[in-house]
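**Student:** Here it is, the structure in full.
The values are calculated or read from the model by the stated rules, or taken from the named source; none is laboratory data. Just so we're clear, the structure is a prediction, and the values are computed from it rather than from any experiment. In this analysis, Cβ positions are derived from the backbone assuming ideal geometry, glycine residues included, and neighbour counts consider all displayed protein chains. Surface accessibility is based on the protein's heavy atoms, side chains included, excluding ligands, DNA and RNA. Shrake-Rupley method; radii C 1.70, N 1.55, O 1.52, S 1.80 Å.
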Amino acid sequence: MSDTPSLHTDESRYSTAKLLRRLLALAWQFRVDCLLSLALSIILLLLGLVGLQLLGTAIDVIRHALDPTAVPPAYPFGWKPPANWSPLHVVTALSLAIVAQAVLRSVLTYSYNMTTVRLTQGKIVPELRGKLYSKIQRLSFRFFEVHGSSSIFNRLTGDVQNTRLFVDGVILQGLNMLITLAAYFLYMWKIQASLTLACLSVTIPLALVTHYYSNRLRPGYQKNRDLYDGLVEVFSQSVLGIQTVKGFAAESDRIKKFETGNRAVASQQQKIFWDLSVFTPITHFLSQLSLVILFAYGGWLYVQGRIPLGGGLVVFAGLLQQFTGQVANLSTIANSVQQSLTASKRVFEVLDTPIEVENNSNPVKPSRLKGNLVFDGVTFGYVPQTPVLKNLSFTAQSGQVIGIFGMTGAGKTSLLGLIPRFYDPQQGRILIDGMDLRDLDLDEYRRQIGIVYQESFLFSNTVAANIAFGSPYATQDQIEQAARAASAHDFIMALPKGYNTVLGESGADLSGGQRQRLALARALLLQPPILILDDPTASVDAKTEHEIVSALRHAMEGRTAFVVANRLSLLRRADRILVLEEGRLVQEGTHDQLAHIHGPYQDAAVLQLMDLAREERSAA
Ligand code: DCP
Ligand code: MG
């Protein structure tokens, strides 16, 4: 299973105290809804107490009717039944009041549930999810290099849900519990003080046990989330890479891998449940114990004549049972505390990740650029200690086509990535029309760059929408013009619905060359002064290559273009070719110049020419 590395090695940033403070701040943000929900639960509590009191009174009325020597009933709320009512009338009236109380409680319970759901699912979750999503969209590439997509998905879904659990499952439930316990305690104390203390003595071990298990559960939850990330990763990669999986007949391998992960998650889950299944019976046992104390000690008090056997004792038993029930609820709350702490750490980690490439405080919004680009002593590495581009300096004039040539891993894609400022170099600077890239408004600047990657991502949408991805306001005419310039118009018209054909996931129903031409149309629609092409013909056949190259010839006119290519067909048209070797610029010149100088370019040229000659000979 792959371990997901943590974004922040600085664990002190996520100490329990700090997490709690941030979670409380989250709840404070929704204080009005929280108060409303809390108010409803207090009303429910009071109604419940009224119901119990009415029940106690009814019992005393019946007892008194059967045995006039028994204690006379004490009526609640200063109410007294009219003198002409028989006990039957009184009991009937009390019963009706109890029913009314129950009906009112049902209605209020409904609105309590609705209020809480509206707060959690209607407000907190969408807010957190939205924040997380926009943060993830803005984060720099490094974040995605460190994190698996599954870990990101899980944070956006499950962890957001468990973070909000802190508000309803911990704060609201916890406050509700405290208030309820206080009210019950006072009520019981009023009925019989020493009996209350005796019965409630079990809450101390109950609280201790809860504390112990709460601490024990947390690392388990954390581990569980990490394992689950790994499992989802195996799954999502198998789906995304299904072609490779099938091509290499690796299905049974993947299934085995999934099974291992599946079992790991299951046994981890079981460990948590095992802890829980020991914990829950202990708490139940302790709450039952309090009832035993009630009967033993209460019976003794009755024999001593210190407590009457009547409605009061029934009310007491009812209160006690609800009291210990609430204390046992502590386990649920403790569980929620741990779950929400684990989840919120994973959510906050993302929210706290610094955006590495960002606008400075006062960015310049460039007008249309000319496209004079200068690399000035640029050194860059994905990890600062291992540079992949070393002290690179060159100049590209507006309108020039710059070819970039080099072995695989030489740093070509990395060089291209610095131009739209996907990364910042560790040393040196990059200037466009004399301005440092770091001073420009990122979005405005990037909109002036058209990019075609080695492999292009197409969205599951229509052809037209894919071409217009970077220019949502483009007209149909403009889209077609861009498609023509990219030699894509003809094959698009041959698709079942032309420009309105919906592409399968990741453009699976197009050929490699067709996808590249759509990507080129997408880049050209921006009318960018700067065009970046990362080996656009790497994965196409010679005929398609020829088509793309002739499309590109038009496309590059009037733009500063950077073209990575290994085939000479594209490079020979460049105004200048940069030859990279292990991140260093080792040669620079036109095709004709470089072809006559001993070096890596000449070697490649000779090899390709020999291949060509051999092909021609075997064809003849
Ligand atoms: N590299 C890295 N992290 C990344 C991308 C690349 O550490 N996210 C490393 C791998 C290589 C070096 O940087 O050692 C240069 O990688 P490039 O992708 O820039 O190499 P090329 O584009 O030249 O190679 P190719 O022709 O295969 O595309
Ligand atoms: Mg590359």
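**Student:** With every protein chain kept in place and ligands, DNA and RNA left out, what is the accessible area per residue of the chain? Probe 1.4 Å, answer in Å².
**Tutor:** 51 Å²
**Student:** Something else about it: How much length is gained if the chain between ALA619 and GLN270 is pulled fully straight, taking 0.36 nm per residue apart and subtracting their Cα-Cα distance, in nm to one decimal?
**Tutor:** 118.9 nm
**Student:** What's the extension gain from PHE248 to LEU309 if we count 0.36 nm per residue and subtract their Cα-Cα distance?
**Tutor:** Gain in length upon complete extension: 13.9 nm.
**Student:** Something else now. What does DSSP give for the chain in terms of the percent of beta bridges that are antiparallel, rounded to the nearest 5?
**Tutor:** 50 percent
**Student:** Per DSSP H run of n ≥ 4, the term is -39500 (n - 2.57); total these for the chain, divide by its residue number, and report the mean residue ellipticity at 222 nm rounded to 500 deg cm²/dmol.
**Tutor:** Roughly -20000 deg cm²/dmol at 222 nm, from the helical runs in the chain.
**Student:** Now for a different question. Keeping all protein chains in the complex and leaving out DNA, RNA and ligands, what accessible area do you get for HIS147 with a 1.4 Å probe, in Å² to the nearest 10?
**Tutor:** 10 Å²
**Student:** Leaving out ligands, DNA and RNA, what percent of the accessible area of the chain is carbon and sulfur, probe 1.4 Å?
**Tutor:** 60 percent
**Student:** Right, something else. Return the long-range amide H neighbours of ILE577 (sequence gap of 5 or more, or a different chain), with a cut-off of under 5 Å between placed amide H atoms.
**Tutor:** Here GLY403, GLY589, THR590 satisfy the definition.
**Student:** Now for a different question. At a 1.4 Å probe radius, which order do ASP477, ASP611 fall into by accessible area, largest first?
**Tutor:** In descending accessible area the options line up as ASP477, ASP611.
**Student:** OK, next. Using a 10 angstrom Cβ neighbour count of at most 11 plus a DSSP loop assignment to flag exposed chymotrypsin sites (Phe, Trp or Tyr not before Pro), which longest range of the chain is free of such sites?
**Tutor:** By the stated rule (loop sites, at most 11 other Cβ atoms within 10 Å), 249-456.
**Student:** With every protein chain present, what accessible area does ARG263 have (1.4 Å probe, heavy atoms only), rounded to the nearest 10 Å²?
**Tutor:** 150 Å²
**Student:** Let me ask something else about it. Mind giving me the nanometre distance, one decimal, between the label points for ASN262 and TYR133, set 7 Å out from Cα along Cα→Cβ?
**Tutor:** For ASN262 paired with TYR133, the spin-label model returns 3.1 nm.
**Student:** While we're here: Can you give the extra length, in nm with one decimal, that the chain gains between SER95 and THR386 once fully stretched, where that is 0.36 nm per residue apart less the Cα-Cα distance?
**Tutor:** Going from the current span to full extension adds 96.6 nm.
**Student:** Which part of the stretch 126-155 falls in the paramagnetic zone of ILE355, meaning amide N under 14 Å from the point 7 Å along Cα-to-beta-carbon?
**Tutor:** Counting backbone N atoms under 14 Å from the label point, the list is 131-143.
**Student:** Return the whole-Å distance between the Cα centroid of the stretch 304-383 and the Cα centroid of the stretch 270-295.
**Tutor:** Cα centroid of the stretch 304-383 versus Cα centroid of the stretch 270-295: 29 Å apart.
**Student:** Got a number for the accessible area of GLU557? Probe 1.4 Å, square angstrom, nearest 10.
**Tutor:** Its heavy atoms expose roughly 130 Å² to the probe.
**Student:** Could you work out the relative contact order of the chain? I mean the mean sequence separation of Cα pairs under 8 Å and 6+ apart, divided by the number of residues, in percent.
**Tutor:** Relative contact order, the chain: 14 percent.
**Student:** Scan around GLN400 for amide H atoms under 5 Å from its own, H built in the peptide plane at 1.01 Å from N, and keep only partners 5 or more places away or cross-chain.
**Tutor:** ALA561
**Student:** Total Lys pairs in the stretch 19-352 closer than 22 Å by alpha-carbon, pairs eight or more apart in sequence or interchain only?
**Tutor:** Pairs that pass both the separation and distance tests number 14.
**Student:** Calculate, for SER550 and TYR473, the FRET efficiency according to 1/(1 + (r/R0)^6) with r their C-beta to C-beta distance and R0 30 Å; round to the nearest 0.05.
**Tutor:** Calculated value: 0.55.
**Student:** Can you list which of the DSSP-assigned H helices in the chain have a Cα extent of 24 Å or more along the long axis and an average Kyte-Doolittle score of at least 0.0?
**Tutor:** Those that pass (Cα extent of 24 Å or more, hydropathy at least 0.0) are 31-66, 87-119, 173-191, 251-303, 311-352.
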